[in-house]
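K.L.:
Below is the structure I would like to discuss, written out as structure tokens.
The values are calculated or read from the model by the stated rules, or taken from the named source; none is laboratory data. Keep in mind it's a predicted model, so treat the numbers as computed, not measured. Heads up, the Cβs are rebuilt from the backbone with ideal geometry, glycines too, and the neighbour counts pull from every protein chain shown.
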Amino acid sequence: MTAVIQCLRRDARHFQILFLSAFLAYGIAMLQWDAEWLRYLILLGTCLAVQALFIRWKKLPWHSIKSAMVTGLGMSLLLKAGSPWVLVLGASVAIASKFFLRIDGKHVFNPGNLGIAAAVLLTGDAWVSPGQWGSGAALVFLVGAAGCMVVLRVGRIDTSLAFLAAFAALDFARQVLYLGWEPDVWLHRMSNGSLLLFTFFRHRSDDHAEGTGRAHRLELRYRVARLPARLEVVGERHSDLGLAHRERVHAIVRSAMEG
């Protein structure tokens, strides 16, 4: 038992792999998710395969394969798609972005988040299902406690809590004060498993181009927290234009994949 604990403490990614696997098992066993083994296999397999290619190409240590496992498990929890090639595209973009989108030797975006965004925005055949998590107290405690352990291990508890506090305040201002929704609706949104998963498990043990100063990190989290509200406003004002633009992008991507 001591050896297992020491192994977990050596690398924060060990905690991430353990907890993300546990969340997946919890979703299947307790939340009655469909056991989409092919989807999990495609996402994990693609992430590992692409990471292995870059390891061979750049002569990196093989222990970096654990980062791909974290990305694959995270995407398995969130990303759904209507066809296998969309899953392959999302996973490939996620891992490749770590090596191509870098500033001062650090990758810019969280790989899993970028891969999900690419699959959703470029294909129109992928989506995220926040409602699959529900908002039960047990789930909130499970994800929150596990997430706190991970971010404490990597020294990012301040930025996680800053993001959650900023998002909660901004969402309350928009949904309750501006739109007039009941506070119970806001509380339901805040206790969603997907939000907690993003808050605590988007912080990776890899390097990110987010600076080393706490003030810079907190400012970045505030900007990220503002993004959903800004996108909602833009979507309401330009919904027709956005739909037409996305349809054009989808047509281009489908033509390229079929051609």
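K.L.:
Under 7 Å between Cβ atoms, which residue pairs at least 6 apart in sequence (or on different chains) link something in the range 49-78 that is without any contact (Cβ under 8 Å) to a residue 40 or more places away in the chain with a partner that is hydroxyl-bearing (Ser, Thr, Tyr)?
P.N.:
If the second residue must be hydroxyl-bearing (Ser, Thr, Tyr), the pairs left are Ile55/Ser64.
K.L.:
Return the total of residues in the range 74-111 being part of a strand (DSSP E or B) and β-branched (Val, Ile, Thr). Reasoning before the result, please.
P.N.:
Step one: list which residues in the range 74-111 are part of a strand (DSSP E or B), which gives 79-81, 102-103, 106-107.
Those left that are additionally β-branched (Val, Ile, Thr): 103.
Here the count works out to 1.
K.L.:
On to the next question. Return yes or no: is Leu38 part of a helix (DSSP H, G or I), crowded, with 16+ Cβ neighbours inside 10 Å and modelled with pLDDT of 90 or more? Talk me through it step by step, then tell me what you get.
P.N.:
Numbers: part of a helix (DSSP H, G or I): yes; crowded, with 16+ Cβ neighbours inside 10 Å: no; modelled with pLDDT of 90 or more: yes.
Judged against the criteria, Leu38 is not a match.
To keep it simple, each residue is scored yes or no on (1) in contact with a Gly (Cβ under 7 Å, 6 or more places away or on another chain); (2) under 15 Å from Ser76 (Cβ atoms); (3) modelled with pLDDT under 80; (4) not hydrophobic (A, V, I, L, M, F, W, C).
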residue	(1), (2), (3), (4)
Ile95	no, yes, no, no
Phe99	no, no, no, no
Val108	no, no, yes, no
Pro111	no, yes, no, yes
Ala118	yes, no, no, no
Trp127	no, yes, no, no
Gly131	no, no, yes, yes
Gly136	no, no, yes, yes
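K.L.:
Does the range 3-22 include one or more residues that are crowded, with 17+ Cβ neighbours inside 10 Å, closer than 18 Å to Ala146 by Cβ, touching a Ser or Thr at 6+ places or on another chain (Cβ under 6 Å) and small (Gly, Ala, Ser)?
P.N.:
The answer is yes; a qualifying residue exists.
K.L.:
Next question. Output the residue which, of all residues in the range 100-119 that are touching a residue at least 24 places away in the same chain (Cβ under 8 Å) and closer than 18 Å to Val88 by Cβ, is surrounded by the fewest Cβ atoms within 10 Å (Cβ to Cβ).
P.N.:
Asn113
K.L.:
Take the conditions under 23 Å from Gly131 (Cβ atoms) and either touching a strand residue (DSSP E or B) at 6+ places or on another chain (Cβ under 8 Å) or part of a helix (DSSP H, G or I) (or both) and apply them to Leu43. Does it pass?
P.N.:
On the way: under 23 Å from Gly131 (Cβ atoms): yes; either touching a strand residue (DSSP E or B) at 6+ places or on another chain (Cβ under 8 Å) or part of a helix (DSSP H, G or I) (or both): yes.
Answer is yes for this residue.
K.L.:
Checking Leu60 against (1) of a type in the set (A, V, I, L, M); (2) in a helix (DSSP H, G or I); (3) out of contact with any strand residue (DSSP E or B) (no Cβ under 6 Å at 6 or more places or on another chain), which single condition isn't satisfied?
P.N.:
Leu60 satisfies all of (1) of a type in the set (A, V, I, L, M); (2) in a helix (DSSP H, G or I); (3) out of contact with any strand residue (DSSP E or B) (no Cβ under 6 Å at 6 or more places or on another chain) except (2).
K.L.:
Next question, about the same structure. Looking only at residues in the range 58-80 that are among the hydroxyl-bearing types (Ser, Thr, Tyr) and closer than 17 Å to Ser97 by Cβ, which one is surrounded by the fewest Cβ atoms within 10 Å (Cβ to Cβ)?
P.N.:
It comes out as Ser64.
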